[in-house]
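Working notes, beginning with the structure itself.
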Amino acid sequence: MMQYKAIEIFTSSEARWKGKTLSEALVRFICDSKIPARCMVTHGTEGCYESGEIATPKLEILSYNMPLLIQVILPQGDLERVLPTVEKMVTDGIVVVKTLNVVSHKTRNRFIPRHIRVKEAMTGDPSTVNPSTPVSEVVQLLLSSHFTGVPVVDEERRPVGVISQGDLINRAGMPLKLCLLAESDQNRLDSFLEKMSFTKALEIMSSPAVTLEENKMLTDAVELMMLEKRLKRLPVVNAEGKLVGILSCMDIFRLITRESPDWQAFQEQNIHVENLVSVSQIMRRDTHRVNLQTPIEEIISIIHSDDMGRVAVVDSEGLYQGIISDENLLAAFSDHRAGLWDFIVSKMVFTESGRKHRELLQQLKATKASDVMDTSHMTVTESTPIEEAIGVMAENDLKRLPVLDSEGHYRGMVSRESLLKTGFTQCRKP
């Protein structure tokens, strides 16, 4: 048997707390507490109050103030966390606490709450461009933001297309990812932007734009994004089809982090939770890894041939030591950024540019993985629940997470997209 408590509030439909009905406010409070509690609101059909007032559907004038019963069932250890607030919120009613002997408590992970709508998760009022905007301005806009894509809208702010980082690379000839382009030599950047000033957004955008209606359920939106269209972000429109926001993977991550309880803590209280998914079930095991002595010249080649865009560093026993990404390389060779830019753009084919940067070439050959790796990058273990991994990514604005076993050996990598897709797919199963 498990010791639980039941809180019962006998009140009325007229009871309020901070402008909301008491029932709505209490349900929200219990939900936001993220404890293993169940809450139920029961509307009475007839009753009376201490004042002598009778509520009954037979007397139409009094039928508006019907009796209400709010019940909360929760583990005994969580009672003191919520009871003081419940007592404060109930300004008209009776609060009762009962002891229960619970035989079993079972629940399931919904991953994304089914009542959430797109407008509750999206980023509102996004930056936009129009079809005639020069691509140079599009690039400058993205370089000054945290996004790697932008909606293209018409005069009435209706989406007609989207420009992503992939569109800029594949259709506009952008030589590097935006994060690298932002760190390149200003003269080189200006030269590229000048070339792009003659190309319009209309010529490179992906169209027609796939959009979401703001009142659509978020679960439906994730299915469209991750399973049907395989897109990282989508424009959000209102009922008139006008752009009101953008929904990205990170927007969904932040909502999951805000709404999801601590499922591991639930299990520690002997609560059976179905549909829990761990990182080990979705991580990429075929990712590259290098040792501490691997030359940077080789690492650059690996990073730019792998869609993960980064490489893990391990010691002779396979224990994780750090991670190397483009940003780490730029920081390590800050005195030779122009040369490094040449090196990456030329895909390691050194001819004239190689002769111009002899010092960089020598430094690349002499520098090892241990000299530039990031040892502070966040990691997760194989047993980490995906909700926890999502929280780590959202809090630290990460696109990838290295996965380790219980002893610290490197096992693979997880991405935003894999976490979201797998979590959604697994947790929507009956």
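Which order do CYS249, CYS39, CYS48 fall in if you start with the one that has the fewest other Cβ atoms within 10 Å?
The order, fewest Cβ neighbours first, is CYS48, CYS39, CYS249.
If you plug each phi of segment 37-50 into the Karplus form 6.51 cos²θ - 1.76 cosθ + 1.60 with θ = phi - 60°, what whole-Hz ³J(HN,Hα) values come out, in order, with x for Gly and Pro?
Values per residue, Gly and Pro as x: 10, 10, 10, 9, 10, 10, 8, x, 9, 6, x, 9, 10, 4 Hz.
Under a plain spin-label model, where a point goes 7 Å from the Cα along Cα-to-Cβ, how far apart in nm are GLN186 and ASN215?
5.1 nm
Taking the 0 to 90 degree range and rounding to the nearest ten, how far is the long axis of helix 186-196 tilted relative to the main principal axis of the chain, both from C-alpha atoms?
Long axis of 186-196 versus the principal axis of the chain: about 80 degrees.
Of the candidates VAL135, VAL72, VAL380, which one comes out as most mobile in a Gaussian network treatment of the chain with C-alpha springs shorter than 10 Å?
Maximum among the listed residues: VAL72.
Which cross-chain or sequence-distant (5 or more) residues have an amide H under 5 Å from the amide H of GLU213, H modelled 1.01 Å from N in plane?
The answer is VAL237.
What would the Debye formula give as log10 I(q)/I(0) at q = 0.14, 0.25 Å⁻¹ for the alpha-carbon point model of segment 2-103, no solvent?
At q = 0.14, 0.25 Å⁻¹ the computed log10 ratios are -0.55, -1.33.
Which loop GluC sites (Glu not before Pro) in segment 190-273, with loop taken from DSSP, have no more than 10 other Cβ atoms within 10 angstrom of their Cβ?
GLU240
By the gyration tensor of its Cα atoms, with a ≥ b ≥ c the square roots of the eigenvalues, what is the shape of segment 118-256: rounded for a/c under 1.5, prolate for a/b over b/c, or oblate?
It is prolate, given that a/c is not under 1.5 and a/b is the larger ratio.
Which value, in debye to the nearest 20, describes the size of the charge dipole of the chain about its Cα centre when Lys and Arg Cβ atoms bear +1, Asp and Glu Cβ atoms bear -1, and nothing else is charged?
660 debye
At q = 0.10 Å⁻¹, what log₁₀ I(q)/I(0) does the chain have when each alpha carbon counts as one equal point scatterer in the Debye sum?
Relative scattering, expressed as log10 I(q)/I(0), comes to -0.87.
How far, in nm, would the chain grow between ARG108 and GLU137 when pulled straight, counting 0.36 nm per residue and subtracting the alpha carbon separation?
5.7 nm
For segment 251-267 and segment 365-430, what is the separation of their C-alpha centers, rounded to whole Å?
Each part's Cα centre sits 16 Å from the other's.
Name the most mobile residue of PRO159, PRO261, PRO175, meaning the one with the largest mean-square fluctuation, in a Gaussian network model of the chain with Cα contacts below 10 Å.
Among PRO159, PRO261, PRO175, the largest GNM mean-square fluctuation belongs to PRO175.
Once phi is turned into θ = phi - 60°, what whole-Hz ³J(HN,Hα) does the Karplus curve with 6.51, -1.76 and 1.60 give for every residue of segment 377-390, x standing for Gly and Pro?
The phi angles translate into 4, 5, 10, 9, 9, 4, 8, 5, x, 5, 4, 5, 4, 4 Hz.
Computed from the coordinates by the stated procedures, all read-outs in this text should not be read as laboratory data. None of the values given here were measured: they were computed from a predicted structure. Cβ sites come from the backbone with ideal geometry, for glycine too, and all protein chains shown count toward neighbours.
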